[in-house]
Amino acid sequence: MLEVYIDAASAGNPGPSGIGIFIKGEGHHIQISEFIGSANNHIAEFTALVRGLEEAQKLGSSLVSIRSDSKIVVASMEKEYVKNEEFKPFLEKALALADTFDLFFIKWVPDTQNKAADALARKAIQKEKN
């Protein structure tokens with residue numbers, strides 16, 4: 001099973017944003033830190049979800065567990081619904097990617113259990129500033 005920890009950080013809302021993805025399991029230990037331009041925090045969180053699922057798909061795993069400290073991302077995936085039209089394309093893409101795995105789970109975790117992904121997201125913003 002792959003455990004995919006995702007997070008986002010924004011310097012302003014909206015503002016310069018980064019995503020962090022930490023993947024472990026099945027012999028993998030992958031860290032991704034990407035600047036995504038200017039975004040609000042929710043868009044950045046959904047972007048991290050989609051990228052995390054894309055990376056898991058590349059690794060060819062059949063069992064994936066996403067861990068996120070974003071309640072809106074986790075609730076949207078569980079309900080397969082989001083009110084805000086701005087988030088719908090991200091949710092649709094994430095649901096389509098999730099369907100490619102034999103088993104897919106998403107779980108909300110507190111910030112304290114998502115420190116690696118948080119640090120990667122913050123690092124992406126700092127790299128862009130320098």
Size descriptor, Kirkwood hydrodynamic radius, that averages inverse alpha-carbon separations across the chain, Å:
14.3
Taking the beta-carbon count within 10 Å as an exposure proxy, list Phe90, Phe105 from fewest neighbours to most.
Phe105, Phe90
Asn40 versus Lys93: modelled label distance in nm, points set 7 Å from Cα along the beta carbon direction
1.8
Subtracting the Cα-Cα distance from 0.36 nm times the residue separation, let me have the gained length for Gln113 to Lys71 in nm, one decimal.
13.7 nm
For Leu59 paired with Lys83, estimate the spin-label separation in nm (one decimal), with each label point 7 Å from Cα along the Cα-to-Cβ line.
3.5
Exposure-ranked with fewest Cβ neighbours within 10 Å first, Tyr5, Tyr81 stand as Tyr81, Tyr5
Given +1 on the Cβ of Lys and Arg, -1 on the Cβ of Asp and Glu, and no further charges, what dipole in debye does segment 2-129 carry about its Cα centre, rounded to the nearest 20?
340
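Throughout, read-outs are computed from the coordinates displayed, never taken from laboratory work. Every value quoted in this text rests on a predicted model; they were computed, and no experiment measured them. Counting neighbours? That spans all protein chains shown, and the Cβs are built from the backbone with ideal geometry, glycine included.
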